[in-house]
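Trainee: Next up is a structure, given as structure tokens.
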Amino acid sequence: MDDAVQEVCLRQGSGWSFAALPPKNARDRIMSAASFLFCNHGFAATGIDTILTRAGTAKATLYNHFKSKEELITAVLEAEGETWRTWFFGRLADVTGPARTRVLAVFDVLEDWFSDPGFYGCPFINAVAEFDTNDDTVRRLADQHKERLVTWLKAQAIEMQVPDVAETARSIAVLIDGAIVAAQHSRDASFARTARKLAECHLAAVGAR
């Protein structure tokens, strides 16, 4: 899928990506362009000049807002994380029923995400895989993003009265990450359903209520 088609698909999505949001100012235009390129072509492979061309801004404008490419990457990851979490938890807030129902609904939301033609995977998983494992900034941002999800999962696990709250939250988080990576590599959204079945097995095994 070329960039033009990918961009149309992304902007027709359901608001899960910062790159799809209408930019409010020059800083947003730069970040939106960088986000699209980083997420679809890679962080290292995307150069500043490519970002400037897509954003339609001068190099001086970019450096007025960001001191370096690394600072821009940090800003993009923070924005993408906040946008995705707002969308994701917003969808889950609409789910009625007990905690077990909400946890399993996670995988229904993921399937919708995976089915979006603009789906490019998780920016944090992609960034951690691409950068040096000792890159503290990228890893810290990824950890913070994951911790917000795990905290939500722990709250559900407490409500389900499982014997090991932390382990159940970690287990579901592993299934989420695995489904994201599998769907990205295969372009097969049904991996969300496979992960959902495994989550059902885990919850049944621990006696979740």
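Trainee: So is Phe88 touching a helix residue (DSSP H, G or I) at 6+ places or on another chain (Cβ under 6 Å) and of a type outside the set (Val, Ile, Thr) or not?
Mentor: Working: touching a helix residue (DSSP H, G or I) at 6+ places or on another chain (Cβ under 6 Å): no; of a type outside the set (Val, Ile, Thr): yes.
No: the conditions fail for Phe88.
Trainee: All but one of (1) outside any loop (DSSP other than H, G, I, E, B); (2) surrounded by 18 or more Cβ atoms within 10 Å (Cβ to Cβ); (3) modelled with pLDDT of 95 or more hold for Glu159; which doesn't?
Mentor: (2)
Trainee: Enumerate the pairs (first residue in segment 66-92 and in a helix (DSSP H, G or I); second residue anywhere and of a type in the set (D, E, K, R)) with beta-carbon separation below 7 Å, excluding pairs fewer than 6 apart on the same chain, so at least 6 apart or on different chains.
Mentor: Qualifying pairs under 7 Å: Arg85/Arg148; Leu92/Arg102.
Trainee: If you don't mind, another one. Here is a list of conditions, (1) buried (at least 17 other Cβ atoms within 10 Å of the Cβ); (2) more than 13 Å from the chain's Cα centre (by Cα); (3) in a helix (DSSP H, G or I), and Ala208 meets all of them except one; can you say which number that is?
Mentor: With respect to (1) buried (at least 17 other Cβ atoms within 10 Å of the Cβ); (2) more than 13 Å from the chain's Cα centre (by Cα); (3) in a helix (DSSP H, G or I), Ala208 is out only on (3).
Trainee: Inspect segment 101-111 for any residue being acidic (Asp, Glu), at pLDDT 95 or above and more than 19 Å from Ala173 (Cβ to Cβ) and give the result as yes or no. I'd like the intermediate steps shown before the answer.
Mentor: Kept after step one, since they are acidic (Asp, Glu), are these residues of segment 101-111: 108, 111.
Narrowing the set further to residues that are at pLDDT 95 or above leaves 108, 111.
Narrowing the set further to residues that are more than 19 Å from Ala173 (Cβ to Cβ) leaves none.
No - not one qualifying residue is present in segment 101-111.
Trainee: Something else: Enumerate the pairs (first residue in segment 32-47 and part of a helix (DSSP H, G or I); second residue anywhere and buried (at least 21 other Cβ atoms within 10 Å of the Cβ) and among the charged types (D, E, K, R)) with beta-carbon separation below 8 Å, excluding pairs fewer than 6 apart on the same chain, so at least 6 apart or on different chains.
Mentor: So the pair list comes out as Ser35/Glu80; Cys39/Glu80.
Trainee: How many residues are more than 13 Å from the chain's Cα centre (by Cα) and among the aromatic types (Phe, Trp, Tyr) if we restrict to segment 97-140?
Mentor: Final tally of qualifying residues: 2.
Trainee: While we're on this one: hydroxyl-bearing (Ser, Thr, Tyr) and buried (at least 17 other Cβ atoms within 10 Å of the Cβ): is that true of Thr57 in this structure? Explain how you work it out, then say what you get.
Mentor: On the way: hydroxyl-bearing (Ser, Thr, Tyr): yes; buried (at least 17 other Cβ atoms within 10 Å of the Cβ): yes.
Yes, satisfied.
Trainee: Let me ask something else. Taking the criterion of being modelled with pLDDT of 90 or more, at negative phi and crowded, with 16+ Cβ neighbours inside 10 Å, would at least one residue in segment 1-14 satisfy it? Working first, answer last.
Mentor: Taking segment 1-14 first, the residues modelled with pLDDT of 90 or more are none.
For segment 1-14, residues modelled with pLDDT of 90 or more, at negative phi and crowded, with 16+ Cβ neighbours inside 10 Å: absent.
Trainee: Turning to a different aspect of this structure: Starting from residues that are hydrophobic (A, V, I, L, M, F, W, C) and in a helix (DSSP H, G or I), keep the ones in segment 50-65 and report whichever is nearest to Phe124 (Cα to Cα).
Mentor: Ile51
Trainee: Continuing with this model, one more query. Are there any pairs, at least 6 apart or on different chains, whose C-beta atoms fall under 6 Å, with the first in segment 175-198 and free of Cβ contacts under 8 Å to residues at least 24 places away in the same chain and the second part of a helix (DSSP H, G or I) and surrounded by 20 or more Cβ atoms within 10 Å (Cβ to Cβ), and if so, which?
Mentor: Between residues of segment 175-198 that are free of Cβ contacts under 8 Å to residues at least 24 places away in the same chain and residues that are part of a helix (DSSP H, G or I) and surrounded by 20 or more Cβ atoms within 10 Å (Cβ to Cβ), the close pairs are Ala182/Phe191; Leu198/Leu175.
Trainee: If you don't mind, another one. For segment 75-86, name all the residues that are surrounded by 18 or more Cβ atoms within 10 Å (Cβ to Cβ) and either within 27 Å of Val162 (Cβ to Cβ) or in contact with a Leu (Cβ under 8 Å, 6 or more places away or on another chain) (or both).
Mentor: Leu77, Gly81, Thr83, Trp84 - these are the residues of segment 75-86 that are surrounded by 18 or more Cβ atoms within 10 Å (Cβ to Cβ) and either within 27 Å of Val162 (Cβ to Cβ) or in contact with a Leu (Cβ under 8 Å, 6 or more places away or on another chain) (or both).
Trainee: List the number of the failed condition for Thr83; all other conditions in (1) over 24 Å from Glu200 (Cα atoms); (2) over 15 Å from the mean Cα position of the chain (by Cα); (3) polar (S, T, N, Q) hold.
Mentor: Thr83 satisfies all of (1) over 24 Å from Glu200 (Cα atoms); (2) over 15 Å from the mean Cα position of the chain (by Cα); (3) polar (S, T, N, Q) except (2).
The values are calculated or read from the model by the stated rules, or taken from the named source; none is laboratory data. Values in this document were obtained by computation on a predicted structure and should not be read as measured data. Cβ sites come from the backbone with ideal geometry, for glycine too, and all protein chains shown count toward neighbours.
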